[in-house]
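Below is one structure, written out as structure tokens, with a few remarks after it.
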Amino acid sequence: MTSAIDRSQPVEPITDLLANGVGYGGVDRVLRTVRKYLGMDVAFIAHFRESDRVFEHVDTDGPAPIEPGQALPLEVGYCAKVVRGELPQLIPDTSRVPAAMAIPETTAIPIGSHLSVPIVLDSGEVYGTLCCFGHEADLTLGEREIRMLQAFAEVLGTRISEMEQAEKTQLRRADQVRNAMAAGAPRIVYQPVYRLRTGEVAGVECLSRFDVEPQQPPDQWFAMAHEVGLGDELELRAIEKSLVALDRLPRNFFLGINASPGLICSGKLPPVLEGVDLRRILLEITEHAIVDDYESLKSALQPLRDKGLRLAIDDAGAGYASMRHIVNLHPDMIKLDISLTRNIDTDHSRRSLAKALITFARDIGSIISAEGVETAGELEMLRSLGVDKAQGFYLSRPVPFEEALRVQPVDVHLAVTA
């Protein structure tokens, strides 16, 4: 290669990398920067396996003798020999190194200059090598260049270690979710929802409980399941187990089930609801994240709503996402979040926001239900504000199905004075 390459100043992407690390998706970009900085024709990362090495990243300006994903035996080429110390990490001129000239690829490719350093994981295991070579000799290559390559390899080793640990964590979590389902999870409990005008039970919301390790709240189980690609499966399991109760509930009770926008848009929900009297189903949107494509969500919901399914939006008053759901989906029910219900009888700000949401609900033809009612004062204030329905520990905790069948109406007036 030409000796006119100016390596007097490190280029910005390399210094950024060494200062801040690099995501695996940015390896190709930095690999190209390193190659050009060194004036090499080909740069690559080779991952050592039991008997071969696979080229995970390859950068070149033209045709290359290797391709990403290609695998070669470990003994072919330079990589393993550099790691074992049979070849130096820095070879400015391969013609001056007999061991390099004995490698067939040196003349076949050809390889005139070569730099290779091991990538070592945090565990001390050699992951593979970071290599560059030029078709011609380059006597300007020296210790500065090999130290830069070693620094890059060190950053890569740390990043790959982090990714492998993250992958192990994902696999462990996936096993936990699968084991939980194999053990019968989730267990379904039922929380009665009361009409505040009469004190009668209007229906029940089905809630999931997990009696397995690790001990964590249900929302964390569902979040973990979605993180490892099992979210839809776990949600459908909960819905299927909930629907079993429908035929045994009084005909005037609704059954509240929960589903995320992702599950709804997946097309997996309608087969589970086939043959179900959807007029008795209240589907509650559970996802807190912002939905980017409301048209797809509405399209997926419409055939179900046409058959009588009612839609509820949770967590009203708790954040921006729930308000976007309300504006875009025109739900049949808006559920006040527990953060708004709590102390509503003594907190003017909460009361003012609840009033605004109640007025808004009336304007769009929705009813209002309150979650998390825990005191008589909260119940009376919600009733006086015109809230239609309520649930919470003050009225009834979530209970097993047989107990839910025996739940009696409450006298909302006596509840306040009790």
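Values in this text are rule-based calculations from the coordinates and carry no lab data. Bear in mind the structure is a predicted one, so any value in this text is a computation, not a measurement. All Cβ positions, glycine included, derive from the backbone under ideal geometry; neighbour counts span all protein chains shown.
Details
- Sorted by Cβ neighbour density within 10 Å, fewest at the top, the residues E378, E136: E136, E378
- Going from the residue with the fewest nearby Cβ atoms within 10 Å to the one with the most, M333, M323 rank M323, M333.
- Charge-dipole axis of the chain as Lys and Arg at +1 and Asp and Glu at -1 on Cβ define it, positive-most pick from M101, W221, F393: F393
- Orientation-averaged projected area, Cα convex hull of region 210-249 (nm²): 3.3 nm²
- Between region 251-297 and region 20-81, the alpha-carbon center distance in angstrom: 48 Å
- The alpha-carbon of K307 sits under 23 angstrom from the alpha-carbons of these lysines, leaving out residues fewer than 8 places away in its chain: K241, K268, K298, K335.
- Counting neighbouring beta carbons within 10 Å and listing from fewest to most, the residues V27, V34, V399, V126 come out as V126, V399, V27, V34.
- Rg and Dmax, both from the Cα atoms of region 90-138 and both in Å, are 12.6, 36.
- Angstrom value of the Kirkwood radius, inverse mean 1/r, which spans all Cα pairs in region 103-168: 13.3 Å
- Along the axis of the charge dipole computed for region 183-417 (Cβ charges of +1 for Lys and Arg, -1 for Asp and Glu, origin at the Cα centre), the listed residues P303, L230, Y194 are led at the positive end by Y194.
- Lys, Arg +1 and Asp, Glu -1 on Cβ, resulting dipole of region 183-417 about Cα centre, debye, nearest 20: 740 debye
- L171-K268 FRET efficiency (beta carbon distance; Förster radius 30 Å; 0.05 resolution): 0.80
- Comparing region 183-417 with the 2.2 N^0.38 Å rule of thumb, its C-alpha radius of gyration ratio is 0.98 (two decimals).
- Dipole moment magnitude, nearest 20 debye, the chain about Cα centre, only Lys, Arg, Asp, Glu C-beta charged: 1360 debye
- Checking [x] 31.8, 98; [y] 23.9, 94; [z] 24.6, 83 against the coordinates, the calculated Rg and Dmax of the Cα atoms in Å falls under label [x].
- log₁₀ of I(q)/I(0) at q = 0.09, 0.15, 0.17 Å⁻¹ - region 290-418, Debye sum with one point per alpha carbon: -0.30, -0.77, -0.94
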